[in-house]
C-alpha cells in the first residue's frame, strides 16, 4: 500500500502545501513552516531537523488541523519517513533496567500508560522490539517527546534517539477508524453499553465534549468537526482496555447558542473563591496567563459573554474545561482538579 502525506504551512489546511509519498531527508526546499497535516495513507515519522533528527512525531491516517493535534513543540518539520505496518498483531516489546539487556526485564504485548507503575522505575536503558511497531513517550499517559520503535534491538537509549533513559509510557502503533464503531447524535450520559474501548474518533458535524467517566464527569476534551485519529495521545485519556475505564460520555456543545451569539466575549478570573481577591478580565484568547498576569492559580470565575475553554497548562495544553455563561464560585464547579489555569481561549464556531 502506498503512503501519502500533505503538509500545510498554516493552520486548518491553509497556505502553501506540499505532498509527499516517500522518505525525505531534507524538506527545507518545500516549505518554511508546518501548522497542519493530512495523512491520507500509511504511517509516518516526522522529524524536527534534517536527516531524521530532533523531535519525533508519529502520525497515522487522519487530519491534524494544528500542531497540538500531533503534540508538536514547534512549527518546524524538516524530514520525514514512512513505513508499512499491520495493526493485526502480534505485538511484543521487552524493556530492561540496564544497558545491553541487563538487569530486570519485562515483556509487554499491550499499551503501557505508566512505566513507573508497572516496571517500578521510569528508566529504560535498553529494549528489544520483537513484534510490531511502537511509540515510546517521555511522560506517562502518552505525553511528551516521542520515539518511534521498529522491530530490532536497542542496546542503549541513544539507539532510539533519546537523550536520557526516562520513559513515562509506550504503546502500539495501530490502524485508525477500524473495528466496531458507534454513531452518536445527541448527549449520552453513559456509553459503556455501546463499546468497550475507543482508539479513534470522527466528528462529522457539530461540537462535542467527551468525558472519561459516566455522568459527564472526569477528564474532558473538546472536539469539533474533523478526524481524531489519535485522541488518546492528544488527551492523555486511555482506551479502557487495561484500566476498565472507557470514554464514557459525549456531551454535545450547544452550537445553536454559539451561532446566535453576538460575537462579544468577556470573562473575569478571580484569585480567591466566591469572586474575591484580585480580578483579571479577558475578552480574547490568552496562551499564557502567568506571562500576562503573573498569576497561575484562579479559584473562581465569572463568564459574562461567550463560551470558553480553560486549560491547565500554557499554550492550550493539558486538561481543559468547557465554561458557559454563569458564575463559578470555586474551581470545582467547572470540574477542575485544582485552581491552576495556564491558558484560555474562546470557543468559536470555526
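Test residue 85 against the stated conditions and say whether it is surrounded by fewer than 18 Cβ atoms within 10 Å (Cβ to Cβ) and closer than 22 Å to residue 57 by Cβ. Step through it out loud before you land on a result.
Details: surrounded by fewer than 18 Cβ atoms within 10 Å (Cβ to Cβ): yes; closer than 22 Å to residue 57 by Cβ: yes.
Yes.
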Conditions (1) closer than 19 Å to residue 151 by Cα; (2) at pLDDT 90 or above; (3) loosely packed, with under 15 Cβ neighbours inside 10 Å -> residue 51 fails only (1)
What is the number of the single condition among (1) under 22 Å from residue 135 (Cβ atoms); (2) modelled with pLDDT of 95 or more that residue 18 does not meet? (1)
Meets criteria (farther than 29 Å from residue 13 by Cβ and either outside any strand (DSSP E or B) or modelled with pLDDT under 80 (or both)) for residue 195: yes
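Tell me, yes or no, whether segment 6-28 has at least one residue that is part of a loop (DSSP other than H, G, I, E, B), on the phi < 0 side of the Ramachandran plot and in contact with a helix residue (DSSP H, G or I) (Cβ under 9 Å, 6 or more places away or on another chain). Don't jump to the end; show me each part of the working.
Filtering segment 6-28 down to residues part of a loop (DSSP other than H, G, I, E, B) leaves 21-23, 25-28.
So of that shortlist, the ones also on the phi < 0 side of the Ramachandran plot come out as 21-23, 25-28.
Of the ones still in play, those that are also in contact with a helix residue (DSSP H, G or I) (Cβ under 9 Å, 6 or more places away or on another chain) are none.
No, that holds for no residue.
Looking at segment 132-154, can you tell me whether even one residue there is without any contact (Cβ under 8 Å) to a residue 12 or more places away in the chain and not assigned by TED's automatic domain parsing to the domain that holds residue 53? Even if it seems obvious, please write down each step before you answer.
As a first pass, look at segment 132-154 and keep what is without any contact (Cβ under 8 Å) to a residue 12 or more places away in the chain: none.
No, the conditions are met nowhere in segment 132-154.
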Just a yes or no: is a residue in segment 29-41 loosely packed, with under 13 Cβ neighbours inside 10 Å and either outside the structural domain of residue 149 (by TED's automatic domain parsing) or part of a strand (DSSP E or B) (or both)? yes
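Go through segment 54-63 and count every residue that is modelled with pLDDT of 90 or more and either part of a loop (DSSP other than H, G, I, E, B) or under 15 Å from the mean Cα position of the chain (by Cα) (or both).
Adding up the residues that qualify gives 4.
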When you look at residue 269, is it at pLDDT 80 or above and in contact with a strand residue (DSSP E or B) (Cβ under 8 Å, 6 or more places away or on another chain), yes or no? yes
Selection within segment 93-131 - surrounded by fewer than 18 Cβ atoms within 10 Å (Cβ to Cβ) and touching a residue at least 60 places away in the same chain (Cβ under 8 Å): 110
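Among 145, 172, which is within 20 Å of residue 90 (Cα to Cα), modelled with pLDDT under 95 and crowded, with 17+ Cβ neighbours inside 10 Å? First the steps, then the outcome.
Working: 145 fails: within 20 Å of residue 90 (Cα to Cα).
Residue meeting the stated conditions: 172.
The values are calculated or read from the model by the stated rules, or taken from the named source; none is laboratory data. Nothing here was measured: the structure is a model prediction, and the numbers come from that model. Neighbour counts are summed over all protein chains in view; Cβ atoms, including those assigned to glycine, are modelled from backbone coordinates with ideal geometry.
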